[in-house]
Amino acid sequence: MTSEPHDAQLMDQAVAAIRAGRLVGMPTETVYGLAADAMNVLAVASVFEVKARPHFDPLIVHVADRSQLDTVAAEVPAPAKKLIDKAWPGPVTIVVPKTPAVPDLVTAGLSSVAVRMPDHPVALELIRRCQTPLAAPSANRFGRISPTTAEHVRAEFGSTVDVVLDGGPCRTGVESTVISFLEPTLPPVILRPGGMSREAIEATIGPVWDIDQARQSGSASRVTDSRNGGLASPGMTMRHYAPRTPLLRIDRGAEAPEGGRAGLLAFEGEPDAASRGFVAFEVLSPRGDLAEAAANLFAALRRLDGLGLELIAAEPAPPSGLGVAINDRLHRAGEEEEDEPL
Ligand code: AMP
Ligand code: MG
């Protein structure tokens with residue numbers, strides 16, 4: 001995919017906006033981002049403002065080439081280098097020590113920075129033309145459902161964000177996998193499951209831990225930087241990715257809960273929702289394909305959320321590959337979450 005010629009003018013506007021310290025809606029293969037010049041503190045501050053994002057939640061820095069990585073990363077340990085050689089551009093974010101050039105606001109005061117190279121021609125063109133890394137969280141208000149089309153971004157922010165580049169629907173559909181390389185004596189630790197599966201990462205760099213393994217070993221604070229108030233990775237510890245409609249996780253094939261108009265978010269199969277008492281349904285992948293399901297997840301949640309239901313009941317995905325990221329998002333979108341400090 002390349003930018004259509006008729007988009008060239010919009011791309012020019014986007015480059016000018018970033019250079020002027022304003023925000024741009026940017027397509028990536030994971031979700032749409034709200035991008036700012038990562039080196040411009042005022043621009044980064046307006047990302048937090050527009051999103052109503054708490055300042056303790058660090059942003060991912062997006063780069064288009066290795067020399068930009070070197071401007072933000074003080075060190076790229078060997079396993080991290082091996083992973084990005086294989087997986088970039090792609091949906092995996094490395095957490096490594098930061099250089100002084102990265103404003104503290106970007107990293108929420110941490111001494112580490114999260115960096116990735118998005119696999120989307122529009123994002124790469126924007127970053128290259130701006131000649132600066134772009135800090136970009138998902139382009140939604142804090143805690144809400146992530147956007148996977150340009151229309152979602154416009155609906156969320158209206159004229160507050162004056163340039164939204166349209167790169168089509170996001171291919172991956174869930175955020176990147178965030179993996180920490182801060183503690184050289186431990187295996188790398190997945191802080192947030194995402195678009196690159198644990199299996200695919202391990203096939204490249206060998207065994208990694210998930211955050212529960214780091215917690216059990218008592219070393220979680222070392223992989224995330226203890227100044228982070230003991231939180232592993234802020235996006236992981238609170239209600240997030242949430243529709244306005246209450247969301248309840250149910251077992252596969254369960255009946256609709258009593259007492260209200262409920263919609264079903266099914267992972268796969270034939271829609272038997274009506275016979276189970278649901279008034280609406282979405283099937284993430286009729287043939288049970290995890291990549292297809294991930295790509296449909298947030299748009300399906302948005303559609304159900306727009307129906308004025310009293311409840312969304314979500315069935316889990318199989319717990320491997322991209323299913324881990326899908327289930328993580330459903331878990332955090334649900335009602336009964338509590339913070340899980342390390
Ligand atoms: P978002 O941009 O909303 O998809 O969220 C980015 C997420 O990346 C944050 O919420 C954190 O979970 C994670 N992250 C970013 N920077 C760091 C860092 N330096 N250390 C640990 N996690 C980070
Ligand atoms: Mg987000």
Check on Gly168, assigned to a loop (DSSP other than H, G, I, E, B) and buried (at least 24 other Cβ atoms within 10 Å of the Cβ): no
Options Val47, Val31: the member that is crowded, with 20+ Cβ neighbours inside 10 Å and within 21 Å of Thr172 (Cβ to Cβ): Val31
Members of segment 34-44 that are part of a loop (DSSP other than H, G, I, E, B) and either buried (at least 24 other Cβ atoms within 10 Å of the Cβ) or touching a Cys at 6+ places or on another chain (Cβ under 8 Å) (or both): Ala38
Pairs with Cβ under 6 Å, 6+ apart, first in segment 239-259 and among the hydroxyl-bearing types (Ser, Thr, Tyr), second not in a loop (DSSP other than H, G, I, E, B): Tyr241/Arg329; Tyr241/Arg332; Tyr241/Ala333; Thr245/Asp305; Thr245/Ile312
The one condition in (1) more than 16 Å from ligand 2 (Cβ to nearest atom); (2) at pLDDT 95 or above that Thr148 fails to fulfil: (1)
All positions within segment 25-39 that are more than 17 Å from the chain's Cα centre (by Cα) and either free of Cβ contacts under 8 Å to residues at least 60 places away in the same chain or within 15 Å of ligand 1 (Cβ to nearest atom) (or both): Ala38
Residues within segment 67-83 that are crowded, with 20+ Cβ neighbours inside 10 Å, without any contact (Cβ under 8 Å) to a residue 60 or more places away in the chain and in a helix (DSSP H, G or I), tallied: 1
Qualifying residue in segment 280-298 (condition: of a type in the set (Lys, Arg), away from ligand 2 (no atom under 16 Å from the Cβ) and in contact (Cβ under 8 Å) with a residue 40 or more places away in the chain): no
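To keep it simple, each residue is scored yes or no on (1) within 11 Å of ligand 1 (Cβ to nearest atom); (2) farther than 23 Å from Ala291 by Cα; (3) in a loop (DSSP other than H, G, I, E, B).
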| position | (1), (2), (3) |
| --- | --- |
| His152 | no, no, no |
| Phe157 | no, yes, no |
| Leu182 | yes, yes, yes |
| Leu191 | yes, no, no |
| Gly218 | no, yes, yes |
| Val223 | yes, yes, no |
Selection count, segment 169-199, where residues are more than 16 Å from ligand 2 (Cβ to nearest atom) and touching a residue at least 40 places away in the same chain (Cβ under 8 Å): 13
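The values are calculated or read from the model by the stated rules, or taken from the named source; none is laboratory data. All of these numbers come straight from a predicted model, not from anything done at the bench. FYI the Cβ positions are ideal-geometry reconstructions off the backbone, even for glycines, and counts take in every protein chain you see.
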